[in-house]
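No lab work stands behind these numbers, since they all come straight from the coordinates. Predicted, not measured: the structure shown is a model, and the values here were computed from it. Note: ideal-geometry Cβ built from the backbone for every residue, glycine included; neighbour counts use all protein chains shown.
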Amino acid sequence: MSLGTGPAAPARTAPGTSLTAARRVRELARTVGGPAVDVLVVGLGATGAGAALDAAARGLTVAAIDAHDLAFGTSRWSSKLVHGGLRYLASAQFDVAHESAVERGVLMERTAPHLVGAQPFVLPLTPLVSRGQAALARAGFRAGDGLRLAARTARATLPVPRRLSVVETRHLAPAVRGAGLRGGLLSWDGRLTDDARLVTALARTAAGRGARVLTRVRALELTGSGARVRDELTGEEGEIRARAVINASGVWAGGLVDGIRVRPSRGTHLVLRPGVLGPLPAGLHIPVPGETNRFVLVLPQDDGRVYVGLTDEPVEGGVPDVPEVPESDIGFLLDVLASALDVPVRRDDVAGAFAGLRPLLDTTPANGSDSAPRTADISRRHAVLTSPDGVVTVVGGKLTTYRRMAEDAVDSAVAAHGLGAGPSPTASLPLVGAASPQALAALRAPRRLVRLYGTEAPAVHALGARDPHLRAPVLEGHPVTRAELLWAAHHEGALDESDLLDRRTRIGLIPSDRTRALEAAREVLGETLGSR
């Protein structure tokens, strides 16, 4: 079912969706040591929050926990793209490609059109791109449009790919080197305004369906009937009983369930300040020299920043809470930029960098590490595995297909434990803030806020309209206002400065900006605590 095209929704929060510190305390007290819930979900990234929503939408009682915050792990470190599955056609993974295209359409047209829009990309045909490579890429883009058609995504949602003249290429990609340029290829894909905000919307929608969303609660031990947990704010430990347990902890999944082997892969992005590359009407696909089907992406953001990524490198040893970005990754990405751009991008132009760890399922024999494939060649197909004592683990996959991963995990939990629940309704369940494009366009709020908050944008905007102090930017040169920080503390479960700066907003992607914004974040948290 598609979203309606009627008038815009009222400027208020959806009933029961606000996440607050007080709600966390109440629901934690009900859950730890209390009656068993139907489903306990461990991990509140996109897949875990999606599983919590899926189970709650089927009428099951749900508790969902995370040792840190919403979108603390891999889900906030993506390219912010909702891929249509084109790259999987090249490796003959037709089922994964079709699944990706379907899920992209679900997000863009039904569940989160405020957060996911069409992003144009230009592949410049520089002298480093042979005519054979150009023909192969053009065929690939046509095949990608075939995936769109097979997924029944409207042409109005994703325009047709086409060849560009030299003049058109220079207009859409003025930073590209002009010498020897033969034109370009224009393609379209889905792009998230913010991946962490998608997770926040999922968690709040789940809460509106009755799920208990509990951050700062660490799972110390999992069994098929629940978990031993610790409240990371107080240090208190206890038990959460459940009829079914879903392990959606991503790269940390193997630490909670025996027999799960995850092979993390590091994907690094650079963050460039506004203006470094000049105007960017479109994103760029820049071929990696020496590779036939690998590109570096140049991704303009709504706040003026530009992301450049990404790498695909194996990670050995323990899994860190926040991955560090090695200089070798930064150098690699800068070298690829230099191969195609007229505008020089130096190390000093890199204002920040971030890396996410892909939770790839390791299917190589335990003693076969010498013949293990490159992480770039490991399938992105997800897997749902059930341990001997009944814990359901979902691993692999990617951000685009989080909803399908969540559905499959809940299906397995329902079947394994005989829970009374029907099929998943989430393919047609709008998230908090969602509305039709017509309704979103009619909202009386700045477009930037609409793309972040959807139908709640007028309420966020009204906070600043009533109070000049809240209307002020958190820091000079960045669009985020104090009103957005206050909204995050009152409705989105933000408990500390990191929640506000690193996940509800993305100010923290540039360390110097984060430092300058800390005082404002502390003031807002102090005002929030003082109002209780």
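Restricting to the chain, what percent of DSSP beta bridges are antiparallel, rounded to 5?
75
Work out the P(r) tail for region 264-360: percent of alpha carbon pairs separated by more than 24 Å, whole number. Could you put the intermediate results ahead of the total?
Values: 947 of 4656 pairs.
In whole percent, the long-distance tail amounts to 20.
Using Stokes-Einstein with the Kirkwood hydrodynamic radius over Cα pairs, what translational diffusion coefficient do you get for region 247-314 at 4 °C and a viscosity of 1.567 mPa s, in µm²/s rounded to a whole number? Could you put the intermediate results ahead of the total?
Numbers: Rh = 14.5 Å.
Reported coefficient: 89 µm²/s.
Mean shadow of region 430-474, computed from the convex hull of its alpha carbons, in nm²?
Working: hull surface 12.8 nm².
For region 430-474, the mean projected area of the Cα convex hull comes to 3.2 nm².
Taking the dipole about the Cα centre of the chain, with the C-beta of Lys and Arg at +1 and of Asp and Glu at -1, give me whichever of Ala55, Thr193, Leu44 is farthest to the positive side.
Value: Thr193.
To two decimal places, what compactness ratio does region 285-339 give when its Cα radius of gyration is scaled by 2.2 N^0.38 Å?
Values: Rg = 13.1 Å, N = 55, 2.2 N^0.38 = 10.1 Å.
With N residues counted in region 285-339, Rg over 2.2 N^0.38 Å equals 1.30.
Residue separation times 0.36 nm, minus the C-alpha to C-alpha distance between Thr515 and Ala338: what's the value?
Between Thr515 and Ala338, full extension yields 60.7 nm more.
Explain nothing, just the number: dipole magnitude of region 408-497 about its Cα centre with +1 on each Lys and Arg Cβ and -1 on each Asp and Glu Cβ, in debye rounded to the nearest 20.
Numbers: 7 positive and 9 negative charges, 111 e Å.
My answer is approximately 540 debye.
Give the Debye-formula value of log10 I(q)/I(0) at each listed q (0.21, 0.22 Å⁻¹), with one equal scatterer per alpha carbon of region 191-280, two decimals each.
-1.24, -1.28
If the viscosity is 1.002 mPa s and the temperature 20 °C, what translational diffusion coefficient in µm²/s does Stokes-Einstein give for region 81-189 when Rh comes from Kirkwood over Cα pairs?
The Stokes-Einstein estimate is 147 µm²/s.
Quick one: putting +1 on the C-beta of Lys and Arg, -1 on the C-beta of Asp and Glu, what dipole do you get for region 264-360 around its Cα centre, in Debye to the nearest 20?
On the way: 7 positive and 14 negative charges, 40 e Å.
Taking the Cα centre of region 264-360 as origin, the dipole is about 200 debye.
Can you give the charge dipole size of the chain about its Cα centre, rounded to the nearest 20 debye, using +1 on the beta carbon of Lys and Arg and -1 on the beta carbon of Asp and Glu? Show your work: numbers first, answer last.
Numbers: 62 positive and 55 negative charges, 363 e Å.
Here the size comes out at about 1740 debye.
Would you please state the base-10 log of I(q)/I(0) at q = 0.12, 0.17, 0.23 1/Å for region 444-530, with intensities from the Debye formula using one equal scatterer on every alpha carbon?
-0.30, -0.63, -1.18
Starting from the Cα-Cα distance between Arg23 and Glu232, subtract it from 0.36 nm times their residue separation and give me the gain in nm to one decimal. Can you show the working numbers first?
Details: separation 209, 0.36 × 209 = 75.24 nm, distance 1.61 nm.
Result: 73.6 nm gained on full extension.
When the Kirkwood hydrodynamic radius is evaluated over all pairs of different C-alpha atoms of the chain, what value in angstrom, to one decimal, is obtained?
Values: mean 1/r = 0.0422 Å⁻¹.
Hydrodynamic radius (Kirkwood, Cα pairs) of the chain is 23.7 Å.
By how many degrees, between 0 and 90 and to the nearest 10, does the Cα long axis of helix 21-31 differ from the longest principal axis of the chain?
Here the helix axis deviates by roughly 60 degrees.
How much length would be gained if the chain were fully extended between Arg155 and Val167, taking 0.36 nm per residue of separation minus their Cα-Cα distance, in nm to one decimal?
1.8 nm
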